[in-house]
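K.L.:
Below you will find the structure I want to go over with you.
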């Protein structure tokens, strides 16, 4: 999907004067490559290792149950006795990798980037030993490495580590040990195995949904028995992300995975499926405890739940956008001529385009409020905020005279700068970050008065949108309670996977029929080449 996505973007954003293929190649290196040092790295534990492992168990472990505190403390206490860990037996290296990864994750939550980077590189240097010793500790270490990489816009590397962990879990039969059938295991160990397997499945589904990669976990592995097993765990933070991952899997399988559907549904069938899945998402949100529910912003959210609620908000609205995106790009909705959704879903599906825009606003507002708190968490990725920038940009191009246009442009300006800065912190090449800035600048400059001409799209070098007073988002915007893209997601065609239906060719409405925008206006903004219908249809996505 990378090649056709690149071609589509190149054709439709020709006026930006950017070589998207070159930007993708640079970004691919960042996304796909694991932080592997040239040689084995097994440093002695720092004297305050317990501070970072405590941070991991306070900030991450309640929501990402992979390994127990007692197991880490025992291993770290043992390893801290030695100054030359490379002299320890090779059998100790999976435990060593677990401790290194926990220290790295805990250090990142405290903002100690240097320590975090040093220890995650040490953990990655042991990946060969983890693969050659395919047991529980090795899989746990790979799962921790995957979470850490995902939080730094390295979803390709995260997927590879997670895939290996899932294969180890499966070879151990963890996916079959959800009902206490192993008499030789204590009940506590059985619950721990359940938590670890479900956590890995939910994370794998999140990564697949964000990037468009094929998933190795099907929705049948999220059946009600498995989900009910999760609810028996004392810490009930696990069930919401597992339930949401189950719905994400259903969206992918029913709408986009042609290998499952022998006969693709017609348009009426697609809208019916859309309505049922939309109802599932709404029911999932309504059944959450009040402090956890996806809202616009983080007002009245307990500090301990900031990262958890932000993550749930991101994934919930990403699923909504994925489900409703055909209305935003292709004009396909329950209101399309000769197409009507069955059941009680038609009224909501008629508002699909607005649902996409509102979800984008919720993601961006929540993200800005989260980073204002000064927190850092591997649960918060840039996939969804960048997706929201693209969605809100497209929506405002189609509805430039809408009452929300000024507020949306202000939100886009602040969000684009924040996302760009965070990508730079993650080590993303400057060229890609500049592409994001250019896209936002064009959307901002495209604003025109009701009775005035289109603003000149050419701007002076260095005239970035966030230098303009209009990007000062008011407190009323950030504090409002209205209610399958980071670089890696972009690289894995999430721009299209989030704005264009996968492998579904729907006839778009003529541009001149879209309220608030003229055919010539959009062509001038994009500076798109004039393509015949045959040329357009040849890029089947």
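K.L.:
So the check is Cβ under 6 Å with 6+ separation or different chains; which pairs have a first residue in the range 81-104 that's on the phi > 0 side of the Ramachandran plot and at pLDDT below 95 and a second one that's assigned to a loop (DSSP other than H, G, I, E, B) and buried (at least 24 other Cβ atoms within 10 Å of the Cβ)?
P.N.:
none
K.L.:
Let me ask something additional. Suppose we filter 241, 294 for residues that are closer than 19 Å to residue 307 by Cβ, modelled with pLDDT of 90 or more and in a helix (DSSP H, G or I); which single one remains?
P.N.:
Answer to the check: 241.
K.L.:
Another question, then. Between 443, 388, 437, which is surrounded by fewer than 22 Cβ atoms within 10 Å (Cβ to Cβ), modelled with pLDDT under 95, touching a helix residue (DSSP H, G or I) at 6+ places or on another chain (Cβ under 9 Å) and in a helix (DSSP H, G or I)?
P.N.:
Step by step, each of 443, 388, 437 is checked, and only 437 is surrounded by fewer than 22 Cβ atoms within 10 Å (Cβ to Cβ), modelled with pLDDT under 95, touching a helix residue (DSSP H, G or I) at 6+ places or on another chain (Cβ under 9 Å) and in a helix (DSSP H, G or I).
K.L.:
Further question: Taking residue 394 and the conditions (1) under 23 Å from residue 207 (Cα atoms); (2) part of a helix (DSSP H, G or I); (3) at pLDDT 80 or above, which numbered condition does it fall short on, given that it satisfies the others?
P.N.:
(1)
K.L.:
Further question: What are the residues in the range 371-385 that are surrounded by 24 or more Cβ atoms within 10 Å (Cβ to Cβ) and assigned to a helix (DSSP H, G or I), if any?
P.N.:
383, 384, 385
K.L.:
When residues of the range 26-42 are filtered for being surrounded by 15 or more Cβ atoms within 10 Å (Cβ to Cβ) and under 18 Å from residue 84 (Cα atoms), how many remain?
P.N.:
Counting residues in the range 26-42 that are surrounded by 15 or more Cβ atoms within 10 Å (Cβ to Cβ) and under 18 Å from residue 84 (Cα atoms) gives 2.
For (1) assigned to a loop (DSSP other than H, G, I, E, B); (2) in contact with a helix residue (DSSP H, G or I) (Cβ under 8 Å, 6 or more places away or on another chain); (3) exposed (fewer than 15 other Cβ atoms within 10 Å of the Cβ); (4) at pLDDT 90 or above, each residue gets a yes or a no:
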position: 220; (1), (2), (3), (4): no, no, yes, no
position: 225; (1), (2), (3), (4): no, no, yes, no
position: 229; (1), (2), (3), (4): no, yes, no, no
position: 233; (1), (2), (3), (4): yes, yes, no, no
position: 247; (1), (2), (3), (4): no, yes, no, yes
position: 258; (1), (2), (3), (4): yes, no, yes, no
position: 262; (1), (2), (3), (4): yes, no, yes, no
position: 272; (1), (2), (3), (4): no, no, no, no
position: 281; (1), (2), (3), (4): no, yes, no, yes
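The values are calculated or read from the model by the stated rules, or taken from the named source; none is laboratory data. Source: prediction; values computed, not measured. Reconstructed Cβ throughout: ideal geometry from the backbone, glycine too, with neighbour counts over all protein chains shown.
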